[in-house]
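Student: Shown below is the structure under consideration.
The values are calculated or read from the model by the stated rules, or taken from the named source; none is laboratory data. All values reported here derive from a predicted model rather than from experimental measurement. With ideal geometry, Cβ positions are generated from the backbone for all residues, glycine too; neighbour counts draw on all protein chains shown. Only protein heavy atoms, including side chains, enter the accessible area calculation; ligands, DNA and RNA are left aside. Shrake-Rupley method; radii C 1.70, N 1.55, O 1.52, S 1.80 Å.
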Amino acid sequence: MHLHKFFYRNLWVLLTVLGPTVYAQTDKQPNIVFILVDDLGWMDIAANGSTFYETPNIDQLAKEGIRFTKAYAASPICSPTRASILTGKNPARIDLTQWIGGPGNPDYLRNLPLEEVLFPELLQDAGYRTAFMGKWHLNNVAGEEKFWPDKQGFDVNVAGHFRGGLYIKNKYFSPWNIPNLENGPEGEYMTDRLAKEAVRFIDENSKAPFLLYFSLYSVHAPFDVPADRVEKYEKKKKALALTDEERFAEETNAKKPFKYRIKQDHPTYAAMVESMDMAVGKILGKLQEKGIADNTVVIFFSDNGGLSTSEGIPTANTPLRAGKGWLYEGGIREPAIIRWPGTIKPGTVSDAVITSMDFYPTILEMTGQALRPDLHVDGKSLVPLLKGESNKLHEATYYHYPHRSNQKGSPSSAIIDGDYKLIVFLNENRFELYNLKSDIGETHNLASELPELTEHMYKNLYQWWDEVDAKFPKEFVKKAPKS
């Protein structure tokens, strides 16, 4: 272990020896199951309003816990958000702002730094058995196992390695030929296999506190699923009988206008969503079978918005604008559910703004650990919200994606403060201001109508850029606020 990391992992141990305990450990530490779906959009679950996709297990989870309507990923792209969850830091603060392997203007880190103290490492220190399963995508080079999950807080690593997707030879059906996961029977589906591995881990570790970080490869491209799961969605699509004029719209706020999906009716994608929901159901069922559901926190989240503007445009985020790769709401507002039996009132719905950085301190507090603001610099514990003691967490939240995305998104940065959101398109120095309360679809740009508010929010964003030492594309000319 790096000396730097050793010091910071054990700093609070020293402080509790020298002074009073910051937060007392509970008598029985809850298990933590963190379910992270890849590319799942805000409207891709029935609990949030989808009528085409079927997600009964996730919907039941929402009925038993709290569903957040304004939960935000730190980035509209996968790797930065994944880093933000594990570190409690905004990706701009650690210069990991692009999907690893993507184009680098500005440059960015290709590996999650080993010096960062991840929350599973602190759970290890507290006696937890920890497991990572699925997509990692937090390092860039094949063979560099030192950056893999088992070197950063996870006792068990199933399928976590450098690659971010199941492409070419590595598709959803076995043989996958990827590290840390034996090939299954010919044609075994990856989502099903990861669920089996998760169930096995729970079986073997149900007597001791555990962290299961279940990081699905789905519903990311390529779009593939067992054929027998598609048929009913083909029938649903036929019954809807949408025309392309009804299915797609045109985005004109780009150098080249392009079409994007506004209605959900993609049968294969729908079956992938249901397969993901089935995997969730298997995990929840095993917790119940082992008699540990009441002592297990389940967190459900996605790493970025649904893919609606390119690469097959399989889903729609309507009423949200755009999707993955954009700082519009469709790119960063995520489905988020937490079940914590005995603490969260079942069926709660919260409109508090939360971010992917908040899970780190939340999990620490849930498990009786001291909060570590020296580590989770940008995250705040959700526990007061979960207990109904508060309905607001952040004064403002910040987002920085200074790259061009594969999904046609432009380099941009944003701030959300109350009902208002300011997006700065960096290369054009163009401001877009929206009232999210009255205009969730971000259709009416208020920047010219509310110049003082625009300038005030830009000043706060500018100060945040300086605080985190944000990096910018070389074409960007950074202009100071007027006052």
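Student: From the mean inverse distance of alpha carbon pairs (Kirkwood) and the Cα radius of gyration, derive Rg over Rh for the range 191-333. It would help to have the intermediate numbers written out before the result.
Tutor: Values: Rg = 18.2 Å, Rh = 17.2 Å.
With Rh from the inverse mean 1/r over Cα pairs, Rg/Rh is 1.06.
Student: Further question: Rounded to whole Å and sorted largest first, list the principal axis extents of the Cα atoms in the chain.
Tutor: For the chain, the Cα spread along each principal axis is 59, 58, 46 Å.
Student: Still on this structure: List the lysines whose Cα sits under 18 Å from the Cα of K474, skipping any in the same chain fewer than 8 residues away.
Tutor: Within the straight-line cut-off, K474 pairs with nothing.
Student: Would you please classify the overall shape of the range 279-377 from the alpha carbon gyration tensor, given that a ≥ b ≥ c denote the square roots of the eigenvalues, rounded means a/c under 1.5, and beyond that prolate means a/b larger than b/c while oblate covers the rest?
Tutor: Oblate, since a/c reaches 1.5 and b/c is not below a/b.
Student: Based on DSSP H assignment, which helices of the chain show an axial Cα extent of at least 15 Å together with a mean Kyte-Doolittle hydropathy greater than or equal to 0.0?
Tutor: Flagged H segments are 3-18, 267-289.
Student: Would you mind computing Rg(Cα) / (2.2 N^0.38 Å) for the range 307-452, counting N as its residues?
Tutor: Here the Cα radius of gyration is 1.17 times the empirical estimate.
Student: Hey, could you grab the Kirkwood Rh for the range 441-483? Inverse mean 1/r over distinct alpha carbon pairs, Å, one decimal.
Tutor: Working: mean 1/r = 0.0835 Å⁻¹.
For the range 441-483, inverting the mean 1/r across all distinct Cα pairs yields 12.0 Å.
Student: With unit charges on the beta carbon (Lys/Arg positive, Asp/Glu negative), name the residue among A62, G331, L446 whose Cα is farthest towards the positive pole of the charge dipole of the chain.
Tutor: The Cα lying farthest towards the positive end belongs to G331.
Student: In debye, nearest 20: dipole of the range 224-308 around its Cα centre with unit charges on the Cβ of K, R (+) and D, E (-)?
Tutor: It comes to approximately 100 debye.
Student: Also, I was wondering about something else. Is there a quick way to get the dipole size of the chain? I mean about its Cα centre, with the Cβ of Lys and Arg at +1 and of Asp and Glu at -1; what is the value in debye to the nearest 20?
Tutor: 200
Student: P(r) of the range 206-276 in 5 Å steps, Cα pairs, percent per bin?
Tutor: Answer for the range 206-276: a P(r) of 3, 13, 16, 15, 15, 12, 10, 6, 3, 3, 2, 0 percent.
Student: I've got another one for you. Using a 1.4 angstrom probe, figure out how much accessible area the chain has per residue, in square angstrom, rounded to the nearest whole.
Tutor: Numbers: 18700 Å² over 483 residues.
For the chain, the per-residue accessible area is 39 Å².
Student: Considering the dipole of the chain built from charges on the beta carbon (Lys and Arg +1, Asp and Glu -1) around the Cα centre, which of F476, I354, L320 is farthest to its positive end?
Tutor: It is F476.
Student: Could I ask something else about it? Of A71, N460, T81, which is farthest along the charge dipole of the chain in the positive direction, counting Lys and Arg as +1 and Asp and Glu as -1 at C-beta?
Tutor: My answer, from the dipole projection, is T81.
Student: Just to be sure I understand the curve: with the Debye formula and one point per C-alpha of the range 282-322, what is log10 I(q)/I(0) at q = 0.33 Å⁻¹?
Tutor: Reported log10 I(q)/I(0), two decimals: -1.13.
Student: Checking the table K392/K459; K151/K171; K89/K232; K171/K235 against a 31 Å threshold on Cα-Cα, which pairs fail?
Tutor: On the way: K392/K459 23 Å; K151/K171 26 Å; K89/K232 42 Å; K171/K235 26 Å.
From K392/K459; K151/K171; K89/K232; K171/K235, over 31 Å: K89/K232.
Student: Listed highest first by mean packing, meaning other Cβ atoms within 10 Å per residue, what order do 468-480, 111-123 come in? Don't jump to the answer; show the numbers that get you there.
Tutor: On the way: 468-480: 13.2, 111-123: 21.1.
Result, highest mean Cβ count within 10 Å first: 111-123, 468-480.
Student: When DSSP beta bridges are limited to those with both residues in the chain, what percentage is antiparallel, rounded to the nearest 5?
Tutor: Expressed as a percentage, antiparallel bridges in the chain total about 55.
Student: When only Cα pairs under 8 Å and 6 or more residues apart are kept, what is the percent relative contact order across the chain? Can you show the working numbers first?
Tutor: Numbers: 1092 pairs, mean separation 111.2, N = 483.
RCO, the chain: 23 percent.
Student: For a Förster distance of 22 Å, can you work out the FRET efficiency between the beta-carbons of E452 and K392, rounded to the nearest 0.05?
Tutor: FRET efficiency, E452 to K392: 0.40.
Student: Need the C-alpha centroid separation for the range 169-212 versus the range 332-357, integer Å.
Tutor: Using only Cα atoms to place each centre, the spacing works out to 27 Å.
Student: Let me ask something else. In nm², what is the average projected area of the convex hull enclosing the Cα atoms of the range 115-199?
Tutor: Mean projected area for the range 115-199: 5.8 nm², to one decimal.
Student: Taking K and R as +1 and D and E as -1, what net charge do the other residues with C-beta under 15 Å from the C-beta of E289 add up to?
Tutor: Here the charged neighbours net out to +3.
Student: Could you work out the relative contact order of the range 69-156, using alpha carbon pairs under 8 angstrom and six or more residues apart, expressed as a whole percent?
Tutor: Relative contact order for the range 69-156 comes out at 25 percent.
Student: On to the next question. For the range 348-394, which trypsin sites (Lys or Arg not before Pro) are in a loop by DSSP, counting at most 13 other Cβ atoms within 10 Å?
Tutor: Listed in order of number, the matching sites are K387, K392.
Student: Using just the Cα positions, wrap the range 348-427 in a convex hull and report its mean projected area in square nanometres, one decimal place.
Tutor: 7.1
Student: Over the chain, what percent of the accessible surface lies on carbon and sulfur atoms, probe 1.4 Å? Before the final figure, lay out the partial values.
Tutor: On the way: 9640 of 18700 Å².
Within the chain, the accessible surface is 52 percent carbon and sulfur.
Student: Sequence gap at least 6, Cα distance under 8 Å: using those rules, report the relative contact order of the range 84-205 to the nearest whole percent.
Tutor: That works out to 18 percent.
Student: Something else now. Would you list, by chain and number, the lysines whose Cα falls below 16 Å from the Cα of K207, excluding same-chain residues fewer than 8 positions away?
Tutor: Leaving aside lysines fewer than 8 places away in the same chain, those within reach of K207 are K28, K286, K290.
Student: How large is the dipole of the range 301-377 about the Cα centre if only Lys and Arg carry +1 and Asp and Glu carry -1, each at its Cβ, rounded to the nearest 20 debye? Walk me through the intermediate numbers first.
Tutor: Values: 6 positive and 8 negative charges, 34 e Å.
With only Lys, Arg, Asp and Glu charged at Cβ, the dipole is about 160 debye.
Student: Okay, next question. Taking only the Cα atoms of the range 21-154, how large is their convex hull per residue, in Å³?
Tutor: On the way: hull volume 21.9 nm³, N = 134.
Spelled out: Cα convex hull of the range 21-154, divided by residues, is 163 Å³.
Student: Once the other residues with Cβ under 13 Å from the Cβ of E251 are scored (Lys, Arg +1; Asp, Glu -1), what is the net sum?
Tutor: Its environment carries a net charge of +4.
Student: May I ask for the Kirkwood hydrodynamic radius of the range 128-283, worked out over all distinct Cα pairs and given in angstroms to one decimal?
Tutor: The answer is 17.6 Å.
Student: Separate question: Compute the convex hull volume of the Cα atoms of the range 372-483, divide it by the residue count, and report the result per residue in Å³ as a whole number.
Tutor: Taking only Cα atoms, the range 372-483 has a hull volume of 152 Å³ per residue.
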